[in-house]
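Trainee: What follows is a structure written as C-alpha cells; I'll ask about it next.
What follows is calculated from the coordinates using simple rules that are stated; it is not laboratory data. On a predicted model such as this, the values are computed, not experimentally measured, just so you know. Neighbour counts are summed over all protein chains in view; Cβ atoms, including those assigned to glycine, are modelled from backbone coordinates with ideal geometry.
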Amino acid sequence: MKLRLPLFPLAAALLLAGCATTPRPFQYNAPEQPEAASGYIDKPGWATRRFAVAAANPLATDAGYQVLKAGGSAIDAAIAVQMVLTLVEPQSSGIGGGAFLLHYDGKQVEAFDGRETAPAAATDQLFVGPDGKAMAFYDAVVGGRSVGTPGVLRMLELAHREHGKLPWAQLFQPAIQLAEGGFKLSPRLHTLLKAEQHLKKDETAARYFYKPDGDPRDVGMIVRNPALAEVLREVAQRGADAFYQGPVARDIAAKVQGHAGNPGRLTEQDLAAYQPKKREALCSDWQQYRLCGFPPPSSGHLAIAQILGVMQQLPAVKPALDGDVPSAELLHQYTEAARLAFADRAQYVADPDFVAPPAGSWRSLIDPSYLKQRAALVGPQSMKTAQPGRPGGAALSWAPQAEQIERGTSHISIVDAEGRAVAMTTTIEDQFGSRQMVRGFLLNNQLTDFSLAPTDATGQPIANRVQPGKRPRSSMSPTLVFDKASGRLLMSAGSPGGAQIIHYTAKTLLATLDWGLNAQQAIALPNFGSTNGPTLLEEKRFPAATLEALKARGHEIREMPMTSGLQAIQRTPSGWFGGADPRREGVVMGD
C-alpha cells in the first residue's frame, strides 16, 4: 500500500507546468573543481526558484544540477549524484554499498530500500570469536567478513524504471568523464586519508589513495580512476546486471572470500540474488506537519517521531534558543526524550522480514497514548539511562542490543522542476567501509551494523542479530515534510553520522519547523543528543553556563566532535532555499 497525499493546489500545479521544459539530450560538462579548505566553513544557504540539489561534494551537486537543467527528474539527478560520490567521496558511500531513498512524485511517497543483505552462508556467530565473545569492532570490520551484498545500484535501477526521464546510460556520463579525465582530491578526503589506519593494508587501495612514500595524495592532486570508469560504463550500457553478474560480481566475491586474515562469506550467488524492496513510507503527524521517513530496517523515523512526540507532550520551552545555541531546558527535554527513544530502538527495531513489530505494528511505538505515557517519565532531573517501554503491552521477547560504533554515510536532497522530490541517505557504513577496494570502488562493512553479539549474557537473542539474507538495522533518516492540511511538499532533509543521524535530522526539523530558522541556520546550529547514555554536545560550541545548568540536572556531559553532513531544501514563497553542512564540503545548486 502506498501513502497518498493531496495534490498541490491548482495554481501551484499550473505554475510548475509552465516552468517545465522539453528535455534535451544530456551533455555533461565538467566544472572547475573545488579546492575549499577543510574544517568548519560558514555557508550562506542558496535560494532557487524552480529546482535544487544538495549533496556532500560540489562535483556531485553539479552533476545533479546539470541533469535537472537538462530536464531530468529528481531520480535521474540522484543517480548522477551517487555515481560521482562513488568517485569523489569514496569514504562515505558508493556502488559498493546501500541506500534508503524516499521519493515523492507529486501524489504519493514511496520508500525504495537498497539496504545490503547478509550472505546466505552467514550465521549469528559471524562476529563471535574463538573465545565465545563478540569480536572487537575493527577486528570485525577490516577484511571480507563485514561485507554485505551491495544494494544501491539495483535500487536506483528500480527507481529509475518507475520515475526516470532521461536515459539510464546518460546519467553515468559525469562520473565516467571525471573518473577518466581526473578530479582534484578534496581537503576532506585528504584529511581522512591522513588519519586512516587500515586502508593501506589493502594493496589496491594503497596504490590508489596514497603516494609511493606512504603519504596520502595531496589536496588538489588530479586523481584518475579508469577501473571505476570501466565498471560504470558497463553498468550504463547493460544495467545493474553488469555489476551483479559476471566479472564484476566474480571479483567482488573473490576479494571478500580471499582476504588473508578475515575472509567473508559473500558469493556470486548472493550478488545475483539481491533484490531491492519497495516499502510503505512511515509517516507521522507532528504539529501542523506530516513527516515521512523510512520504516524498519531503519530506526531513523521511528526514533525521530518518538523524540518529537514526547517533547510535544512536555511544557513548551520558550525561547528554545539561548542566543545562538539551544537552551539548557531545551537540551534537557530533548536528551531525555532521546534516551526513551533509543531504549526502544535497542529493544525492538530490526529487519521486519525477520522480526515482528511490538503489538503487531511499528506504529505502536509512535502512538500518541504511548508517547504520553513515555513523556510522564521525564522529570526535572536526568534519568541517565532509560528502559524500553511496552507499547500496546508488548512482550519483551528480545534482549536489548548493546551500543556499538556506527558512522560513515552521505545524504542527498533534491527537488526537481515538476515538484518531485528525493531524500536519499547512502552509505558504505564505516569510513572507507571494509577497506577492501575492487575495480575502483570500496566495499561496505554493513554487516557490522548488526549486533556483533547474537544474544545477551543470559542467552536471550537480540532482534538485530546476524541472519542469512537479513538487512541490518540502520539509523539513516531521509525525511520529506508536508503541510498536513494541504499535502504540499515543504522540505527534503537528512544527514550522515551513524546513530547521531537521528539527532542531526531531528535538530534540523525542530529548528526550521518549530523555531523559525531557515535551513542553513538550522544546520549550522551546534549538534546535541543522547543514545541512552551521556548527554552528547558538539565540542567547543556550548557556553560553560549551559554545561553547568545541565550538570545541575544530573546530566553526565560528553563534549565530542559531532560531524554531521546535513543537507536540506525547504519551500519558500518564491521557490526553494537549500542548506549544506558547514562541517563538510557540500553545496546546493539550482535555478
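Trainee: How much net charge surrounds residue 180 when only other residues with a Cβ under 10 Å from its Cβ are counted (Lys, Arg +1; Asp, Glu -1)?
Mentor: In short, +1.
Trainee: What's the extension gain from residue 238 to residue 269 if we count 0.36 nm per residue and subtract their Cα-Cα distance? Don't skip to the answer; put the middle values down first.
Mentor: Details: separation 31, 0.36 × 31 = 11.16 nm, distance 1.90 nm.
Taking 0.36 nm per residue and subtracting the Cα distance, the gain is 9.3 nm.
Trainee: Based on alpha-carbon atoms only, what is the radius of gyration of the range 485-589 relative to the globular estimate 2.2 N^0.38 Å?
Mentor: This ratio for the range 485-589 stands at 1.16.
Trainee: To continue, here is another question. Between residue 204 and residue 29, what FRET efficiency follows from the Cβ-Cβ distance if R0 is 30 Å, with the result rounded to 0.05?
Mentor: Values: r = 31 Å, r/R0 = 1.03.
The computed FRET efficiency comes out at 0.45.
Trainee: Okay, moving on. With no solvent and one equal point scatterer placed on each C-alpha of the range 405-451, evaluate the Debye formula and give log10 I(q)/I(0) for q = 0.28 Å⁻¹, two decimals.
Mentor: The calculated log intensity ratios at q = 0.28 Å⁻¹ are -0.97.
Trainee: When a/c is below 1.5 the answer is rounded, else prolate if a/b is larger than b/c, else oblate, so apply that to the range 85-159 with a ≥ b ≥ c taken from the square roots of the Cα gyration tensor eigenvalues. Please list the in-between numbers first.
Mentor: Numbers: a/c = 3.05, a/b = 2.03, b/c = 1.50.
The shape class here is prolate.
Trainee: Can you tell me the mean projection area, over all orientations, of the convex hull of the range 143-220's alpha carbons? Units nm², please. Could the numbers behind the result be given before it?
Mentor: Values: hull surface 29.2 nm².
Across all orientations, the range 143-220 yields a mean hull projection of 7.3 nm².
Trainee: When you have a sec, figure out the Kirkwood radius of the range 236-308 from all distinct Cα pair distances and drop it here in Å to one decimal? Don't skip to the answer; put the middle values down first.
Mentor: Values: mean 1/r = 0.0642 Å⁻¹.
When all Cα pairs of the range 236-308 are included, the Kirkwood radius is 15.6 Å.
Trainee: Report, to two decimal places, the Cα Rg of the range 74-199 normalised by 2.2 N^0.38 Å (N = number of residues).
Mentor: It is 1.30.
Trainee: With n ≥ 4 as the cut-off for DSSP H runs, can you work out [θ] at 222 nm for the chain, using -39500 (n - 2.57) per run divided by the number of residues, rounded to the nearest 500?
Mentor: -9000 deg cm²/dmol
Trainee: In debye, nearest 20: dipole of the range 59-188 around its Cα centre with unit charges on the Cβ of K, R (+) and D, E (-)?
Mentor: Its charge dipole is roughly 200 debye.
Trainee: What is the local net charge at residue 126, summed over the other residues whose Cβ is closer than 13 Å to its Cβ (Lys, Arg +1; Asp, Glu -1)? It would help to have the intermediate numbers written out before the result.
Mentor: Values: positive: 145, 265, 465, 470; negative: 124, 139, 449.
Taking every Cβ under 13 Å from that of residue 126, the sum is +1.
Trainee: Quick one: of 318/384; 43/278; 318/551, which pairs are farther than 27 Å apart, Cα to Cα? Numbers along the way, then the final one.
Mentor: Numbers: 318/384 24 Å; 43/278 36 Å; 318/551 21 Å.
The answer is 43/278.
Trainee: Projected area of the range 178-244, taken from the Cα convex hull and averaged over every viewing direction, in nm²? List each step's numbers first, then the result.
Mentor: Details: hull surface 21.1 nm².
Seen from a random direction, the Cα hull of the range 178-244 projects 5.3 nm² on average.
Trainee: Sticking with this structure for a sec: What net charge is computed for the residues neighbouring residue 233, neighbours being all others with C-beta under 15 Å from the C-beta of residue 233, Lys and Arg scored +1, Asp and Glu -1?
Mentor: -1
Trainee: Taking only the alpha carbons of the range 43-87, what extent do you get along each of the three principal axes, in Å, biggest first?
Mentor: Answer, in whole Å and largest first: 27, 25, 12 Å.
Trainee: Now for a separate question. P(r) of the chain in 20 Å steps, Cα pairs, percent per bin?
Mentor: 22, 58, 20, 0
Trainee: Given N residues in the range 288-415, what is Rg(Cα) / (2.2 N^0.38 Å)?
Mentor: Here the answer is 1.11, to two decimals.
Trainee: Then there is this: Take the Cα pairs of the range 345-497, get the Kirkwood Rh, then feed it into Stokes-Einstein at 20 °C and 1.002 mPa s and tell me D in µm²/s.
Mentor: Answer from the Stokes-Einstein relation: 117 µm²/s.
Trainee: Something else now. When a footprinting reagent is the concern and you count Cβ atoms within 10 Å, what order do 495, 298 take, fewest first?
Mentor: The order, fewest Cβ neighbours first, is 298, 495.
Trainee: Pick out, from 438, 214, 490, the residue whose Cα sits farthest towards the positive end of the charge dipole of the chain, with +1 on the Cβ of Lys and Arg and -1 on the Cβ of Asp and Glu.
Mentor: Result: 490, furthest along the dipole toward the positive end.
Trainee: Cα to Cα, under 23 Å, and not fewer than 8 places away if on the same chain: which lysines meet these conditions relative to residue 277?
Mentor: Here the lysines satisfying the reach criterion relative to residue 277 are 2, 107, 165, 470.
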